[in-house]
Every structure is written in C-alpha cells, then in structure tokens.
Amino acid sequence: MKCASCDTKRCRQGKDCTPAEVQAEYRSEDLEMMKVASKIEANFYMEKTRLEELILFAKEMGYRKLGVAFCVGLENEARTFCRILEKDFIVESVCCKICGVDKEEYGLDKIRDGRETTCNPIAQAMMLNRAETDLNIIVGLCMGHDIMFNKYSEAPVTTFIVKDRVLAHNPAGALYSGYYLKNRFGMEKM
C-alpha cells in the first residue's frame, strides 16, 4: 500500500483497494470505540480541542480510571493535565523515572557525566496495569519509550503530547516548514 502517495483517495467514496483477505473484523469493544469516535467526530468536528475530545471519549466509553504515563521533563504539563482529568475521573500518574535505575546498569548512553536515571516505560505500564486503568494516556514519553509503553500496557493507549524538544512538542511543525523541508531533506513543501 502507498496510500500517502495516492492522489485520488477513492476510498473516501467506497473504493476498496485492499487485498480480499484484508477485512477488519471488529469485536464488540472495538465497534463500541468506533461508534464513540464517530459520534465525537460527527458532533464536534473542528470545535473541540484534543483535550476536550479525550474527555468526551473517555466519558462516552464509560471509563472511570485513567492512567497518565508522563516524562519528567513535562511534569508541569502532566500536573495540569491530571488536575483537569481529576474533575471527571480517577487518575493514576506515573513518571518516566520510576524505580530510579541508573543508565550504567544497562550500559545505556548518557546525556551528561555522572549518575543518570533511565526512563522506565515498562515499569510505567506495569504500574498502570496494576492500577487496572481503563485508558492510558502518554504525555511526552521519549521516542522508543512510547512504543515500549504501548507494547506493555494492558489498557488501550492514546497520546496527548508527543515529545519534540526542538519544536515545542509539535512534531507536525517539521512538515509545515518549507525552510526545514528544503534544508534538512532537500524537499519542496507540497
């Protein structure tokens, strides 16, 4: 599949370009998520922020306990985010430096000399699994750590903030900058 390169997007009008053996079989809980997502999109298209949509989604799904896996570098954002969520939900939050393991213990590269604590996305997932959260939300986990967190989380996962230290946590900014695209990748903005 090369959907990103397709100019017609005839799938929007019902054309099926996939092989015959590729058909989504939605289980009941998956279909419920699809219904809630579609309801939010249909009723609030371009009206609600991602934060408002997340709250609506969690309420519509009947979630009571939310987990927040956050980067210590975004602790202020995580604190504000959790305070907002706590108005409607029970919230468990887990910092990336949980367990305080030294990077040297695993032979990991360090940013600076001296002791440096590694992030621990598996422990973050384990703690939220232990808390039996209904939905887990990522707030700025590092590249790779977010993938590991997703892998080990028993609850469904969504991302509220994607870490991008250079672009103020707005990674899509790299795609909108003609200057960046030209000078970094030799591409013209489309």
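A straight chain from Asn76 to Glu154 at 0.36 nm per residue would run longer than the Cα-Cα distance by 25.5 nm. Relative contact order for the range 63-111: 45 percent, from Cα pairs under 8 Å spaced at least 6 residues apart, divided by residue count.
Shape verdict for the range 84-190, please, from the Cα gyration tensor: rounded (a/c under 1.5), prolate (a/b greater than b/c) or oblate. The shape class here is oblate. Accessible area per residue for the range 64-189, computed on protein heavy atoms with a 1.4 Å probe, is 63 Å². Structure note, pairs Lys48/Lys151; Lys65/Lys110; Lys35/Lys65; Lys48/Lys189; Lys59/Lys163: Cα-Cα distances above 23 angstrom occur for Lys48/Lys151; Lys65/Lys110; Lys48/Lys189; Lys59/Lys163. The Cα atoms of the chain give a gyration tensor whose axes a ≥ b ≥ c have a/c of 1.5 or more with a/b no greater than b/c, which makes the shape oblate.
Surface exposure of the range 1-50, expressed per residue as accessible area with a 1.4 Å probe, stands at 96 Å². Using heavy atoms of the protein chains and a probe of 1.4 Å, the accessible area assigned to Tyr106 is about 150 Å². The distance between label points at Asp7 and Asn43 comes to 4.0 nm (points 7 Å beyond Cα on the Cα→Cβ vector).
On the chain, 52 percent of the accessible area sits on carbon and sulfur atoms, based on a 1.4 Å probe. Based on DSSP H segments of at least four residues, each scored -39500 (n - 2.57), the chain has a per-residue ellipticity at 222 nm of -10500 deg cm²/dmol.
For the pair Glu105 and Ser28, label points projected 7 Å from Cα toward Cβ lie 4.3 nm apart. Expressed to the nearest 5 percent, the antiparallel share of DSSP beta bridges inside the chain is 5 percent. Ignoring lysines fewer than eight residues from Lys15 along the same chain, the ones with Cα atoms less than 20 angstrom from its Cα are Lys2. Each peptide in 139-148, 67-76 gets a packing score, the mean of other Cβ atoms within 10 Å over its residues, and the list from highest to lowest is 67-76, 139-148.
The values are calculated or read from the model by the stated rules, or taken from the named source; none is laboratory data. All figures in this text were calculated on a predicted structure; none of them were measured in a lab. Every residue, glycine among them, receives a Cβ derived from its backbone with ideal geometry; neighbour counts consider all protein chains shown. Heads up: the accessible areas ignore ligands, DNA and RNA and are worked out on the full protein's heavy atoms, side chains in. Shrake-Rupley method; radii C 1.70, N 1.55, O 1.52, S 1.80 Å.
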